[in-house]
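Notes follow once the structure below has been shown.
The values are calculated or read from the model by the stated rules, or taken from the named source; none is laboratory data. Remember, it's a predicted structure, so these values are computed and weren't measured experimentally. For neighbour counting, all protein chains shown are included, and Cβ atoms are generated from backbone atoms with ideal geometry for every residue, glycine included.
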Amino acid sequence: MALLAHIPKTYSKLVAVSLTTNFKEAVRVQKFETPSPKSGELLVKARYAGINASDVNLTAGRYTPGIQPPFDTGMEGIGEVVQVGADCSDYKPGDSVGYMTAGAFGEYLILPSKFAIPLPKIDPGFVPLMVSGLTASISLDTFGELKSGENVLVTAAAGGTGQFAVQLAKIAGCHVIGTCSLDEKVEFLKSIGCDRPINYKKEDLKAVLKKEYPKGVDVVYESIGGDMFDTCLKNLSTFGRLIIIGFISSYKGNSFAPPIKAPLQSILLSKSACVRGFFLFNHIKEVPMHFAKLAQLYMTGKLISTIDLGKGHSSGPFRGMQGILDGVDYLYSSKNAGKVVVEVNGQDGDSKL
Ligand SMILES: NC(=O)c1ccc[n+]([C@@H]2O[C@H](COP(=O)([O-])OP(=O)(O)OC[C@H]3O[C@@H](n4cnc5c(N)ncnc54)[C@H](OP(=O)(O)O)[C@@H]3O)[C@@H](O)[C@H]2O)c1
């Protein structure tokens, strides 16, 4: 018989107490009484949390206009069901689940069972498949219209979501160009099949694209914004598709979206090209099918899901609430290769602050 998990009377979570993109200023570690799940709810002991570039947009209130602190932080993780409310017959204590909900930056959370993603086991490799993997999978499938033999340019290619855009484009038979800022990331990109990694700190991206891809690139998976967006736009091929995944270069600034300097209308018209924005949470209906596909590819070894627990950070591997604070800083230092992940609770003990 399985042993019942010990549920502590109190638990810690990171609560946003002021609206700012400075994550460490925005949040405080606070203690709460551990709640009991109501009907349709699960009490989950968090095991691993995923760090996302947009964690700072969440604390700045950019995702929920008018929101005022205090509010929960974090948007994804995996954990173990420890208590089950009424009407949740699909779940039992000991089950492993994933979730993409606010409150992921806490040691425990109440999860409506309808939002739980069933997992075969606790494996941190499942964390990147959620927000990061789903964004790549759904956006490329819906807006990429990838055809075998096409050129695909992925920016922030070695990051949480970029790693999946690279691999899914390769699976679709494309030639993949990936940008990054460190030689270690160039090696990482080669290891996941990227055909032409470009360390843009060492090579001039505009010159490489002009020389090696004179007809332009067919699809761009663009996460950086600013000058990088302009360069990508100017290097689209005829019938090119540019997908706006994000614009991280301006998230820490005061103006959320940077102005586009390139002549958008004339470029798109003259090339019959298009720019599409993509936001995962508008595509929730597609999540189950794409998660099943990603999990299947991962479990059969056809997709590599790389996590970075802070190997390039003085306080890594990241653990507990302090690990989350450091993890957000780490992502913004641009040193991560793969998805930044934090072990919230160890297998047996609770997190250490
Ligand atoms: N639309 C959606 O639904 C959705 C969902 C998930 C993620 N995203 C977006 O995808 C992008 C990547 O997010 P992620 O969470 O996967 O992060 P990530 O790629 O793991 O990490 C961010 C990477 O961005 C690059 N970067 C370039 N300029 C930067 C700057 N000024 N500040 C910080 N990093 C910079 C760095 O890599 P280099 O070495 O390549 O410079 C850094 O490692 C973000 O724009 C994010 O908003 C969007």
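Count, please, the residues in the stretch 186-218 that happen to be in a loop (DSSP other than H, G, I, E, B) and either of a type in the set (Lys, Arg) or within 21 Å of the chain's Cα centre (by Cα) (or both).
Looking only at that region, the number is 6.
Kindly establish whether residue 158 is within 23 Å of residue 302 (Cβ to Cβ), buried (at least 21 other Cβ atoms within 10 Å of the Cβ) and within 16 Å of the ligand (Cβ to nearest atom).
Yes: the conditions hold for residue 158.
Tally time: how many residues in the stretch 48-67 are crowded, with 22+ Cβ neighbours inside 10 Å, outside any helix (DSSP H, G or I) and not hydrophobic (A, V, I, L, M, F, W, C)?
Counting residues in the stretch 48-67 that are crowded, with 22+ Cβ neighbours inside 10 Å, outside any helix (DSSP H, G or I) and not hydrophobic (A, V, I, L, M, F, W, C) gives 3.
Let's see how each residue does on (1) over 30 Å from residue 64 (Cα atoms); (2) assigned to a helix (DSSP H, G or I); (3) more than 16 Å from the ligand (Cβ to nearest atom); (4) in contact (Cβ under 8 Å) with a residue 12 or more places away in the chain:
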{"site": "229", "(1), (2), (3), (4)": "no, yes, no, yes"}
{"site": "242", "(1), (2), (3), (4)": "no, no, no, yes"}
{"site": "246", "(1), (2), (3), (4)": "no, no, no, yes"}
{"site": "261", "(1), (2), (3), (4)": "no, no, yes, yes"}
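Six or more apart or on different chains, Cβ under 9 Å: which pairs go from a residue in the stretch 189-209 that's under 11 Å from residue 153 (Cβ atoms) to one that's surrounded by 14 or more Cβ atoms within 10 Å (Cβ to Cβ) and aromatic (Phe, Trp, Tyr)? Could you list them?
If the second residue must be surrounded by 14 or more Cβ atoms within 10 Å (Cβ to Cβ) and aromatic (Phe, Trp, Tyr), the pairs left are 194/188; 196/213; 208/200.
Which one of these does residue 250 not meet: (1) in contact with a helix residue (DSSP H, G or I) (Cβ under 8 Å, 6 or more places away or on another chain); (2) away from the ligand (no atom under 16 Å from the Cβ)?
Of everything listed in (1) in contact with a helix residue (DSSP H, G or I) (Cβ under 8 Å, 6 or more places away or on another chain); (2) away from the ligand (no atom under 16 Å from the Cβ), residue 250 misses just condition (2).
Report yes if some residue within the stretch 38-45 is polar (S, T, N, Q), touching a residue at least 60 places away in the same chain (Cβ under 8 Å) and either in contact with a strand residue (DSSP E or B) (Cβ under 9 Å, 6 or more places away or on another chain) or over 19 Å from residue 8 (Cβ atoms) (or both); otherwise report no.
no
Among the candidates 270, 266, 255, single out the residue that is under 30 Å from residue 329 (Cα atoms), of a type in the set (Ser, Thr, Tyr) and either within 14 Å of the ligand (Cβ to nearest atom) or not in a strand (DSSP E or B) (or both).
255
Going residue by residue through the stretch 172-185, is there one that turns out to be near the ligand (Cβ under 9 Å from one of its atoms), surrounded by fewer than 22 Cβ atoms within 10 Å (Cβ to Cβ) and not β-branched (Val, Ile, Thr)?
Taking every residue of the stretch 172-185 in turn, at least one turns out to be near the ligand (Cβ under 9 Å from one of its atoms), surrounded by fewer than 22 Cβ atoms within 10 Å (Cβ to Cβ) and not β-branched (Val, Ile, Thr).
Consider residue 221 carefully, then state whether it is touching a residue at least 60 places away in the same chain (Cβ under 8 Å), within 23 Å of the chain's Cα centre (by Cα) and under 22 Å from residue 167 (Cα atoms).
Yes: the conditions hold for residue 221.
Considering only residues that are buried (at least 17 other Cβ atoms within 10 Å of the Cβ) and farther than 28 Å from residue 190 by Cβ, look in the stretch 306-325 and name the one that is nearest to the ligand (Cβ to nearest atom).
Residue satisfying both the conditions and the ranking: 324.
Checking the conditions here, which among 86, 104 is more than 26 Å from residue 290 (Cα to Cα) and part of a loop (DSSP other than H, G, I, E, B)?
Of 86, 104, the one residue that is more than 26 Å from residue 290 (Cα to Cα) and part of a loop (DSSP other than H, G, I, E, B) is 86.
Going through 140, 153, 42 one at a time, which residue ends up being more than 14 Å from the chain's Cα centre (by Cα), buried (at least 24 other Cβ atoms within 10 Å of the Cβ), in a helix (DSSP H, G or I) and at pLDDT 95 or above?
Answer to the selection: 140.
Looking at the stretch 296-305, is at least one residue within 11 Å of the ligand (Cβ to nearest atom) and loosely packed, with under 14 Cβ neighbours inside 10 Å?
There is no residue in the stretch 296-305 that is within 11 Å of the ligand (Cβ to nearest atom) and loosely packed, with under 14 Cβ neighbours inside 10 Å.
For the stretch 68-120, give me the residue count where each residue is surrounded by fewer than 17 Cβ atoms within 10 Å (Cβ to Cβ) and on the phi > 0 side of the Ramachandran plot.
Matching residues across the stretch 68-120 total 2.
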